[in-house]
Amino acid sequence: MALLQTKNLTKHFGESRAVDGVDIVIDEGEFVSLIGSNGAGKTTLVNLISAYLEPDAGEIFFRHQNISQWSPIARIKVGIVRSFQLASLFDTFTVLDNVAQAVFSREGKSIRLGTAADRNAGVRGEARQVLEEFGLQTRADSIAGKLPHGERKLLDVAVAYALRPKLLFLDEPTSGVSTRDKNTIMDTIAAVVRAGKITTVAIEHDMDVVFKYSDRIIAMHQGRILADGSPDAIRGNEEVALNLLGTSATI
Amino acid sequence: MKGDAITSRGGAISLRLAVAAILGCALLAIPQLVSPYQTLLLTYGLVMAIAALGFNLLLGYTGLLSFGHSAFFGTGAYTAALMAKYLGIHSMETFILAGLATAFLMSALFGVVCVRHTRIFFAILVMALSQVLWTLAYKFYGITNGTDGLNVPFPTLLGGSLTFRGAGAYQRFIVAYYYYVAVLFLLSAAVMWMITQSPFGKTLQSIRDNQTRAEFIGIRVRLCRWMAFLFSGTFTGLAGVLWLPLNRHVTPDVLYWPFSGEIVFLTVLGGFQSFSGPIVGALAFSYLKTYAVAWTEYWQFLLGAVLIFLVMALPTGIVGTLELLAARLKWPSFKPRI
Amino acid sequence: MDVLVFQILNAVYYASVLFLIAAGLSLIYGVMGIVNMAHGSLFALGAFVTATITQYAAGHVPTLLLFLLLPLGAVAVGILGLAIEPLLLRRLYVRAAEEYPLLITFGLLLILEDAMRFVWGSNPISANLLVQYLGSVSIFGSLYPIYVLFVIAVAIVTGLALWLFVYRTKFGIILRATAQDMKMASGLGLDVRRVYMLAFAGGCFLVALAGAVVVPYQAAVLGMGMDALILAFVVVVIGGLGSLKGALVGALIVGGVRTVGIEFFPELELASLYIIAAAVLLVRPTGLFGTKS
């Protein structure tokens with residue numbers, strides 16, 4: 001069933017049409033990869049859906065409810081969560097505390113005064129479980145700001161995951177990560193979201209990663225949807241190959 | 001592993017409690033050991049420590065630098081002074097309750113305007129708004145006596161049971177008031193500790209570290225900042241009320257923005273990256289300023305030079321530097337960190 | 001009618017001085033991202049230095065030439081700025097926190113204030129002879145000091161020159177590039193350190209020039225810097241930090257409100273300014289023409 005739908009979603013930055021009349025439908029349970037060359041509008045699309053930016057036109061529906069005017073917090077509450085391309089963490093916090101903060105927030109305890117945050121066994125226990133799922137449990141007491149790049153990216157996703165999303169947007173989860181680590185990271189992420197049956201939309205540039213994990217691929221170009229279909233269909237699509245690879249030979 | 005963590009935390013906790021208890025006892029024993037003048041200085045220090053604790057909730061924990069906290073300090077002080085003058089009230093408890101209320105309201109008002117803004121603008125805005133209060137105190141001579149200020153007699157303590165009149169009143173007051181302030185200081189520190197260790201305290205820090213991410217994990221950033229502002233201003237307002245009986249005279253100087261600068265200075269001196277830093281800074285500053293003023297007419301120059309030195313060489317202040325030294329010498333670190 | 005004209009001239013005079021101060025503040029902030037808490041003290045320093053130079057030269061130099069000495073005070077402070085930036089500020093750029101420059105410039109404020117008290121004591125100094133030299137002009141039958149018009153002219157000329165410099169010269173382009181993206185500019189081979197130094201010195205020059213032109217009309221007194229700083233902040237809060245246009249508009253608004261305020265509700269004149277500032281911010285959180293939110 002359709003979880004998310006956008007109609008004519010549009011965003012301009014001055015002259016440039018970053019997102020230009022985009023209609024997409026994301027079905028529940030899918031793992032979708034969002035591909036396209038730089039400037040195609042992928043991150044802007046995610047920004048619009050997560051309410052990081054306001055659209056100039058168009059509407060967004062979640063479970064058939066019009067959420068176009070909703071604030072970021074309202075969207076998070078129904079389960080629309082995102083990670084960030086540049087790992088966005090609480091750098092002075094430990095890895096555990098980063099995840100715990102998300103748990104506190106999700107449980108509505110972020111402004112609680114009467115108890116000690118560090119002694120909340122329930123929250124910390126859950127945070128530890130999340131870390132285990134992501135393979136970060138050995139780093140639980142490390143300071144997030146000092147982690148190596150790949151682990152920061154993984155932690156960024158773990159924090160988003162701790163919010164128990166229904167629809168998770170990953171903004172280039174493996175960018176900047178060495179080839180060897182890319183697979184480990186994506187394996188972890190894919191395993192976690194599949195186990196949790198979380199609908200996932202991942203912006204990704206690495207075609208190997210894209211074809212290995214996706215149920216469906218959406219290709220964007222200059223703010224518009226270029227192609228949308230199964231990996232095989234995209235593989236054979238000449239336009240996609242032209243725009244993404246610069247050659248007419250298919251992928 | 002979970003068990004290990006709890007044990008080591010437990011160990012650290014009982015060590016901290018022990019240290020706090022020792023310091024608490026020392027605090028309470030002071031007047032028996034030192035001269036009335038030293039006791040008075042220490043009382044000033046404790047009062048400023050309360051102000052600094054409040055101030056640092058915004059700076060150290062929430063990442064908001066305010067050059068306008070004199071507004072809250074002055075609100076507390078003037079509330080008490082005006083009540084004394086126009087309502088003939090002399091009960092310290094009444095002063096405190098009223099001062100807390102007015103400081104709370106003032107913080108709420110300031111907060112609504114200021115917390116929508118990012119760091120630099122926030123600093124400037126709070127400063128500019130605090131000047132509104134200064135100009136009101138300065139210009140409405142009929143009510144506040146302008147720069148001549150208001151005089152206030154010794155208040156009564158403990159519901160009127162302790163009064164200070166007649167011969168030897170001053171000496172008796174110094175001792176009694178010291179204990180009064182010391183107890184309130186310990187209470188304030190306990191409350192602030194509770195705030196900073198709570199999930200709310202953690203949330204403030206998450207906002208400080210990464211406002212965007214905080215918002216995108218569902219935290220109401222503006223509301224939290226406003227709440228921090230409320231606590232911060234109210235604490236500083238309490239300090240203003242407690243300060244008044246020590247000075248027994250209040251002028252608009254206590255609302256003028258360079259006084260906010262003093263609060264900033266003493267917090268940075270002690271170290272704004274830890275809980276105890278502001279306390280240490282306030283106490284150190286109380287002595288530093290007194291001796292600087294006695295030593296040279298140009299003590300402001302000295303303070304400026306010290307501040308620059310601190311920021312460039314010892315940005316973590318006294319407490320932070322001591323912790324670094326302790327770590328180098330491999331001593332156990334017991335000073336409560338943020 | 002003449003009262004109205006006088007009020008307008010007063011407001012524009014006031015705005016002229018504020019514009020110079022705010023332009024300096026915005027220049028420093030726009031290029032370096034630093035709010036200079038010592039800005040007001042540099043204003044006072046410009047006033048004191050100029051007054052002293054004028055007094056020394058008064059007997060020996062024709063009064064007309066004294067006008068040429070006015071910028072000297074500003075230049076002196078500008079040179080001081082060339083020394084301050086590398087000494088105090090440069091080391092902070094690696095630290096990301098915005099708080100540290102605020103703290104350091106606040107320390108600088110404390111140092112400057114006492115330094116001025118040490119050198120000049122607590123007596124006001126003036127250079128009133130410049131005002132007297134220019135005499136008065138008759139406007140609608142009443143006399144008005146020509147010096148005020150001179151100050152307005154200085155502000156206009158300086159504003160134009162600044163605008164031309166920033167938007168029409170090669171160095172101006174370098175300045176704006178560095179302001180927008182310091183790392184990129186550095187990566188392109190621009191000497192960012194020199195740009196920062198010159199920007200800071202430029203800001204110091206502008207604010208000291210304000211002090212220099214003010215001192216013949218209003219004596220240099222201790223503490224004038226503190227008041228000036230607050231007003232400068234109100235100007236940039238309203239007009240926006242980092243913007244030349246904002247400094248101009250903000251200065252005009254503050255000048256206007258202050259003049260109206262003094263006329264009609266003197267008790268609340270300063271308070272009304274801050275309230276207006278707060279109101280502007282509610283609508284436009286970075287000021288009317290603010291950059292770098």
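From the list C:Leu68, C:Leu149, which one is over 24 Å from C:Met226 (Cβ atoms), more than 14 Å from chain B (Cβ to nearest Cβ), within 20 Å of the chain's Cα centre (by Cα) and free of Cβ contacts under 8 Å to residues at least 60 places away in the same chain? Walk me through it before giving the result.
Details: C:Leu149 fails: free of Cβ contacts under 8 Å to residues at least 60 places away in the same chain.
It is C:Leu68.
Do you know which residues across the range B:183-200 are crowded, with 19+ Cβ neighbours inside 10 Å and either touching a strand residue (DSSP E or B) at 6+ places or on another chain (Cβ under 9 Å) or more than 7 Å from chain A (Cβ to nearest Cβ) (or both)?
B:Leu184, B:Phe185, B:Ser188, B:Ala189, B:Met192, B:Thr196 - these are the residues of the range B:183-200 that are crowded, with 19+ Cβ neighbours inside 10 Å and either touching a strand residue (DSSP E or B) at 6+ places or on another chain (Cβ under 9 Å) or more than 7 Å from chain A (Cβ to nearest Cβ) (or both).
Tell me, which helices (runs of 4 or more DSSP H) wholly within the range A:79-181 include 2 or more residues that are crowded, with 20+ Cβ neighbours inside 10 Å, in contact with an Asp or Glu (Cβ under 8 Å, 6 or more places away or on another chain) and not hydroxyl-bearing (Ser, Thr, Tyr)? Before you say what the answer is, go through the steps one by one.
On the way: elements: A:95-106, A:121-133, A:149-161.
Result: A:95-106, A:121-133.
Of the residues in the range A:52-82, how many are over 24 Å from A:Phe134 (Cα atoms), more than 9 Å from every other protein chain (Cβ to nearest Cβ) and of a type outside the set (Ser, Thr, Tyr)?
Count: 19.
Please state which one of B:Leu303, B:Leu269, B:Leu283, B:Leu310 is in a helix (DSSP H, G or I) and either within 29 Å of A:Gln101 (Cα to Cα) or more than 13 Å from every other protein chain (Cβ to nearest Cβ) (or both).
After applying the criteria, what remains is B:Leu283.
Under the condition of being closer than 14 Å to C:Met197 by Cβ and either among the hydrophobic types (A, V, I, L, M, F, W, C) or not in a helix (DSSP H, G or I) (or both), which residue from the range C:71-91 is nearest to the other protein chains (Cβ to nearest Cβ)? Write out each step before concluding.
Residues of the range C:71-91 that are closer than 14 Å to C:Met197 by Cβ, as a first pass: C:78-91.
When the remaining residues are screened for being either among the hydrophobic types (A, V, I, L, M, F, W, C) or not in a helix (DSSP H, G or I) (or both), the result is C:79-80, C:82-84, C:87-89.
Details: C:Ile79: 20, C:Leu80: 15, C:Leu82: 18, C:Ala83: 14, C:Ile84: 11, C:Leu87: 9, C:Leu88: 6, C:Leu89: 10 Å.
So, considering only residues that are closer than 14 Å to C:Met197 by Cβ and either among the hydrophobic types (A, V, I, L, M, F, W, C) or not in a helix (DSSP H, G or I) (or both), the one nearest to the other protein chains (Cβ to nearest Cβ) is C:Leu88.
Return yes when B:Leu40 is within 14 Å of another protein chain (Cβ to nearest Cβ), more than 30 Å from B:Gly111 (Cα to Cα) and of a type outside the set (Phe, Trp, Tyr) and no when it is not. Even if it seems obvious, please write down each step before you answer.
Working: within 14 Å of another protein chain (Cβ to nearest Cβ): no; more than 30 Å from B:Gly111 (Cα to Cα): yes; of a type outside the set (Phe, Trp, Tyr): yes.
No; evaluated as a whole, the condition is false for this residue.
Being within 23 Å of A:Gly125 (Cβ to Cβ), facing chain B (nearest Cβ under 7 Å) and under 17 Å from the mean Cα position of the chain (by Cα) is the filter here, so list the residues in the range A:83-99 that pass it.
A:Leu89
Please report, ordered by residue number, the helices (runs of 4 or more DSSP H) entirely within the range C:176-293 with at least 2 residues that are closer than 23 Å to B:Ala123 by Cα and free of Cβ contacts under 8 Å to residues at least 12 places away in the same chain.
Values: elements: C:182-187, C:192-214, C:224-239, C:244-264, C:269-283.
Correct list: C:269-283.
Anything in the range B:159-172 that is part of a helix (DSSP H, G or I) and touching a helix residue (DSSP H, G or I) at 6+ places or on another chain (Cβ under 9 Å)? List them, or say none. Don't jump to the end; show me each part of the working.
We begin by selecting, within the range B:159-172, every residue part of a helix (DSSP H, G or I); these are B:169-172.
Of everything in the range B:159-172, those that are part of a helix (DSSP H, G or I) and touching a helix residue (DSSP H, G or I) at 6+ places or on another chain (Cβ under 9 Å) turn out to be B:Tyr170, B:Gln171.
For the condition β-branched (Val, Ile, Thr), out of contact with any His (no Cβ under 8 Å at 6 or more places or on another chain) and at pLDDT 95 or above, what is the one hit in B:Val268, B:Val241, B:Val254, B:Val250?
On the way: B:Val268 fails: at pLDDT 95 or above; B:Val254 fails: at pLDDT 95 or above; B:Val250 fails: at pLDDT 95 or above.
B:Val241 is the lone residue from the list that is β-branched (Val, Ile, Thr), out of contact with any His (no Cβ under 8 Å at 6 or more places or on another chain) and at pLDDT 95 or above.
Here's the yes/no breakdown for (1) more than 14 Å from chain B (Cβ to nearest Cβ); (2) surrounded by 21 or more Cβ atoms within 10 Å (Cβ to Cβ); (3) at pLDDT 85 or above:
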site	(1), (2), (3)
C:Ser136	yes, no, no
C:Trp163	yes, no, yes
C:Ala185	yes, no, no
C:Tyr196	yes, yes, yes
C:Ala208	yes, yes, yes
C:Gly242	no, yes, no
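Does A:Gly58 satisfy being on the phi > 0 side of the Ramachandran plot and out of contact with any Ser or Thr (no Cβ under 6 Å at 6 or more places or on another chain)?
Working: on the phi > 0 side of the Ramachandran plot: yes; out of contact with any Ser or Thr (no Cβ under 6 Å at 6 or more places or on another chain): no.
Here the answer is no, as A:Gly58 does not meet what is asked.
For the range B:117-128, which positions are facing another protein chain (nearest Cβ under 7 Å) and either modelled with pLDDT of 85 or more or under 19 Å from the mean Cα position of the chain (by Cα) (or both)?
B:Ala123, B:Met127, listed by residue number.
Cβ-Cβ distance below 7 Å, separation of 6 or more or different chains: which pairs start in the range A:1-16 with a residue that is crowded, with 18+ Cβ neighbours inside 10 Å and end on one that is polar (S, T, N, Q) and in a strand (DSSP E or B)?
What qualifies is A:Leu3/A:Thr199.
Out of A:Val32, A:Val25, which single residue is free of Cβ contacts under 8 Å to residues at least 60 places away in the same chain, within 16 Å of A:Ala227 (Cα to Cα) and more than 14 Å from chain B (Cβ to nearest Cβ)? If you could, list the steps in order and put the result at the bottom.
On the way: A:Val32 fails: free of Cβ contacts under 8 Å to residues at least 60 places away in the same chain.
Answer to the selection: A:Val25.
Select from the range B:201-243 the residues that are among the aliphatic types (A, V, I, L, M) and either away from chain A (no Cβ under 11 Å) or under 30 Å from B:Leu255 (Cβ atoms) (or both) and list them in ascending order.
Initially, the range B:201-243 is screened for residues among the aliphatic types (A, V, I, L, M), giving B:204, B:207, B:214, B:217, B:219, B:221, B:223, B:227-228, B:230, B:238-239, B:241-242.
If the condition is that a residue be among the aliphatic types (A, V, I, L, M) and either away from chain A (no Cβ under 11 Å) or under 30 Å from B:Leu255 (Cβ atoms) (or both), then B:Leu204, B:Ile207, B:Val221, B:Leu223, B:Met227, B:Ala228, B:Leu230, B:Leu238, B:Ala239, B:Val241, B:Leu242 are the ones that fit.
When you look at B:Trp295, is it under 26 Å from B:Gln38 (Cα atoms), within 14 Å of another protein chain (Cβ to nearest Cβ) and surrounded by fewer than 17 Cβ atoms within 10 Å (Cβ to Cβ), yes or no? Spell out how you get there, then give the answer.
Values: under 26 Å from B:Gln38 (Cα atoms): yes; within 14 Å of another protein chain (Cβ to nearest Cβ): yes; surrounded by fewer than 17 Cβ atoms within 10 Å (Cβ to Cβ): yes.
Yes; evaluated as a whole, the condition is true for this residue.
Any residue in the range B:247-257 that is β-branched (Val, Ile, Thr), in contact with a Ser or Thr (Cβ under 8 Å, 6 or more places away or on another chain) and either farther than 22 Å from B:Ala81 by Cβ or outside any helix (DSSP H, G or I) (or both)? Full working, then the answer.
Step one: filter the range B:247-257 for residues β-branched (Val, Ile, Thr), giving B:250-251, B:254.
Filter once more, so that each one left must be in contact with a Ser or Thr (Cβ under 8 Å, 6 or more places away or on another chain): B:251, B:254.
After this cut, where a residue has to be either farther than 22 Å from B:Ala81 by Cβ or outside any helix (DSSP H, G or I) (or both) as well, the list is B:251.
Within the range B:247-257 (the criterion being β-branched (Val, Ile, Thr), in contact with a Ser or Thr (Cβ under 8 Å, 6 or more places away or on another chain) and either farther than 22 Å from B:Ala81 by Cβ or outside any helix (DSSP H, G or I) (or both)), the answer is yes, since at least one residue qualifies.
Is it true that C:Leu130 is without any contact (Cβ under 8 Å) to a residue 12 or more places away in the chain, touching a Phe, Trp or Tyr at 6+ places or on another chain (Cβ under 9 Å), buried (at least 23 other Cβ atoms within 10 Å of the Cβ) and in a helix (DSSP H, G or I)? Step through it out loud before you land on a result.
Working: without any contact (Cβ under 8 Å) to a residue 12 or more places away in the chain: no; touching a Phe, Trp or Tyr at 6+ places or on another chain (Cβ under 9 Å): yes; buried (at least 23 other Cβ atoms within 10 Å of the Cβ): yes; in a helix (DSSP H, G or I): yes.
Spelling it out, it is not the case that C:Leu130 is without any contact (Cβ under 8 Å) to a residue 12 or more places away in the chain, touching a Phe, Trp or Tyr at 6+ places or on another chain (Cβ under 9 Å), buried (at least 23 other Cβ atoms within 10 Å of the Cβ) and in a helix (DSSP H, G or I).
If you go through the range B:138-158 one residue at a time, do you hit one that is among the hydrophobic types (A, V, I, L, M, F, W, C), within 20 Å of the chain's Cα centre (by Cα) and either buried (at least 17 other Cβ atoms within 10 Å of the Cβ) or in a helix (DSSP H, G or I) (or both)?
Of the residues in the range B:138-158, the ones among the hydrophobic types (A, V, I, L, M, F, W, C) are B:140, B:143, B:150, B:152, B:154, B:157-158.
If we keep only those that are within 20 Å of the chain's Cα centre (by Cα) too, we end up with none.
Among the residues of the range B:138-158, not one is among the hydrophobic types (A, V, I, L, M, F, W, C), within 20 Å of the chain's Cα centre (by Cα) and either buried (at least 17 other Cβ atoms within 10 Å of the Cβ) or in a helix (DSSP H, G or I) (or both), which makes the answer no.
The values are calculated or read from the model by the stated rules, or taken from the named source; none is laboratory data. Just so we're clear, the structure is a prediction, and the values are computed from it rather than from any experiment. Virtual Cβ from ideal backbone geometry, glycine too; neighbours counted across all protein chains shown.
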